[in-house]
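Structure first, commentary second.
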């Protein structure tokens, strides 16, 4: 285990390992969590309990709560992981008790022991209806930041061993209730470390415990356990340190045994046994564990043994996948030959009607607004005609068009059991995107189903080579030489707004040239992506038609050759010259947009450390025009001479040969480069929204610390100039406006007061994630947690939008105060 940790840590592979675990995690249904009546009971949209392991409440009209029962049989451990409560549910020493009149429960504080990193409470829960009362051990870790890790494994292990000493996690008691903000990050870390240590003690061999497999087993019960690579790394460290303590220090074991006996004598032999607490949405952000004894009348239903075994080993998922692969080919072939009655009875004139009368009903170009007078102009980064506004006079009879109609989808077997969406219910959707010769379109989103109702039409202009072709009609031979395929991309958008690539398909539209009257119906089989690239994802029924119809029909026989993968693509073709039109203003801004290395944890104008690249040798270099082979005595990077003009060191391939296969349009297997899309993000609105979220998070954080928050709007306004200067410096390399900003701050800060500011840069607009990252900086934490007289806080956010909705986000925290020290 130590060697495994050292290998991962030295190579910086924690992010890759975390992504691998996330990809291997079981995907189980969670339909109950998405019911309309339960949607507001989930703190976060992307954290829902699985149906097979969710906790069910008693004595309530709705038995739903965002909580999951995790059973680790080999370790004889059971945990209930749940989200944070909306308010503090235990009384303080001053209150003494809390009365929950709506549920007729009263909570009394019996004792409270405050330690540096955690607090231990003994609570008494009394049911006013029945007069029954139970004692609860409440362990409260107070210094564990959300999305972060404790200061050290030692402080965390002290807390874990304290919980263990009480006997609350033992199999003789009910499952312990563990909650944090979402019930997956800090709660998952606690459960994972505890389970691994139990398994190590039972087996007496640390090497026999695979932390990754244990985590995958636990993720079969609750999604997303361990939220960050840092938490995964900390779990490894805690398990290794805990192993050394338990197996390698007998003196420590004796001490723990003695403390356990003393603790049992102080607390008594009765173990906590509370009823299930009501589910709320918000609450304290600290890790708490509540051991519970549910008794014989519990309604928490655990999965069947056979089902759990399948989930743990992955055999059920593997068996389903093998069955699906074995039967899909036959089903797809049947779907291809199957047409509905409405499709068989449809008349030809009905097909043209939506084009000539109201094309907008079936076409959706990938632009928001386009001027009407730009219909026939060439495009630089999107299609320059709004098909939704086309009239019969807009379709030039002198230019050839291809009308591609989607007649529906079939055999999307992944969604065979997808329920019908209720009115107003948010559901997963499919969206079809098309790209053809500098034109981009997208369909309306439709609900995911085994037979999705994709009914769309797209009017594609076949020849767009320049204004000189406006008076020239492309004949069949000319169109045959146009080898640009229609690139079709199917995207799935889930209920949380996250998008997934379902399939990518290149359609050779030229088959319509060999069809009678220029009309052709085809069924295209979409394949999955990644590891499922050979597994059918579904079938789309298409109809292709040329307008105006061509009179010459070509012989459909075509001779092609393919390799074993179906595509033979030179490496040089992956490097393209990308013209951004008016979307990027200078080469420096283009460099900023493409690849400007930035450390998000470093403040501006701080020199970046030299990265450690994993590559040690170099065999060749290439771009879109040349391919150079390294023919030097050694290919070690530190010994190579990178003088590409020296033919004795770098042997070049013929540029003409490269151009013959790498120029867009030279071969049908090379897709054309899609144009850049202008940003859809409105910088001002995005900046205001993100700033409001950051203010809320900062105020809540200070509230948890018992600090009031007073904002200085004028100081926040002054920070805008600094953020603009930071982004300008990243784009141009020129620093300006620093003196003006300092003068403005001096005028805004009274004499005897101190000003502190902390700017930081991000490439995303997730407020929670950004705030958690900021708190990792000691300097930022000093500002956020500032104490003193006349403390005034300020925060400013600037969002700078780039093509394809890429964003550079600058956030600056500041405070001014009069020190009391």
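The values are calculated or read from the model by the stated rules, or taken from the named source; none is laboratory data. Given the structure is predicted, the values throughout are model-derived calculations rather than measurements. For neighbour counting, all protein chains shown are included, and Cβ atoms are generated from backbone atoms with ideal geometry for every residue, glycine included.
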In contact with a strand residue (DSSP E or B) (Cβ under 8 Å, 6 or more places away or on another chain), within 14 Å of residue 184 (Cβ to Cβ) and free of Cβ contacts under 8 Å to residues at least 40 places away in the same chain, is that true of residue 33? yes
Can you say whether residue 708 is assigned to a helix (DSSP H, G or I) and outside the structural domain of residue 592 (by TED's automatic domain parsing), as far as the supplied structure shows? no
Only residues that are over 21 Å from residue 75 (Cα atoms) and in contact with a helix residue (DSSP H, G or I) (Cβ under 8 Å, 6 or more places away or on another chain): list them for region 149-189, please. 149, 150, 153, 154, 180
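Please specify each residue of region 478-496 satisfying the condition of being in contact (Cβ under 8 Å) with a residue 24 or more places away in the chain and over 17 Å from residue 526 (Cα atoms). Show your work before the answer.
Step one: filter region 478-496 for residues in contact (Cβ under 8 Å) with a residue 24 or more places away in the chain, giving 479-480, 482-496.
Of everything in region 478-496, those that are in contact (Cβ under 8 Å) with a residue 24 or more places away in the chain and over 17 Å from residue 526 (Cα atoms) turn out to be 479, 480, 482, 483, 484, 493, 494, 495, 496.
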Test result for residue 678, closer than 23 Å to residue 579 by Cα and at pLDDT below 90: yes
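Could you please let me know if residue 701 is in the same structural domain as residue 803 (by TED's automatic domain parsing), surrounded by fewer than 18 Cβ atoms within 10 Å (Cβ to Cβ), in contact (Cβ under 8 Å) with a residue 12 or more places away in the chain and in a helix (DSSP H, G or I)? Talk me through it step by step, then tell me what you get.
On the way: in the same structural domain as residue 803 (by TED's automatic domain parsing): yes; surrounded by fewer than 18 Cβ atoms within 10 Å (Cβ to Cβ): no; in contact (Cβ under 8 Å) with a residue 12 or more places away in the chain: yes; in a helix (DSSP H, G or I): yes.
Here the answer is no, as residue 701 does not meet what is asked.
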Do we find that residue 84 is more than 17 Å from residue 219 (Cβ to Cβ), out of contact with any helix residue (DSSP H, G or I) (no Cβ under 9 Å at 6 or more places or on another chain) and surrounded by 20 or more Cβ atoms within 10 Å (Cβ to Cβ) in this structure? yes
Residue count, region 699-729 (criterion: under 19 Å from residue 799 (Cα atoms) and touching a helix residue (DSSP H, G or I) at 6+ places or on another chain (Cβ under 6 Å)): 4
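Table: residues versus (1) within 30 Å of residue 759 (Cα to Cα); (2) in the same structural domain as residue 409 (by TED's automatic domain parsing); (3) at pLDDT below 80.
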{"residue": "529", "(1), (2), (3)": "no, yes, no"}
{"residue": "536", "(1), (2), (3)": "no, yes, no"}
{"residue": "543", "(1), (2), (3)": "no, yes, no"}
{"residue": "546", "(1), (2), (3)": "no, yes, no"}
{"residue": "550", "(1), (2), (3)": "no, yes, yes"}
{"residue": "573", "(1), (2), (3)": "no, no, yes"}
{"residue": "586", "(1), (2), (3)": "yes, no, no"}
{"residue": "602", "(1), (2), (3)": "yes, no, yes"}
Hey, can you tell me all the residues within region 89-103 that are part of a loop (DSSP other than H, G, I, E, B) and at pLDDT 85 or above? 89, 90, 91, 92
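So which residues in region 744-779 are more than 26 Å from the chain's Cα centre (by Cα) and either over 18 Å from residue 720 (Cα atoms) or not in a helix (DSSP H, G or I) (or both), if there are any at all? Spell out how you get there, then give the answer.
Looking only at region 744-779, we keep the residues that are more than 26 Å from the chain's Cα centre (by Cα), and these are 744-758, 778-779.
Hits for region 744-779 are 749, 750, 751, 752, 753, 754, 755, 756, 757, 758, 778, 779.
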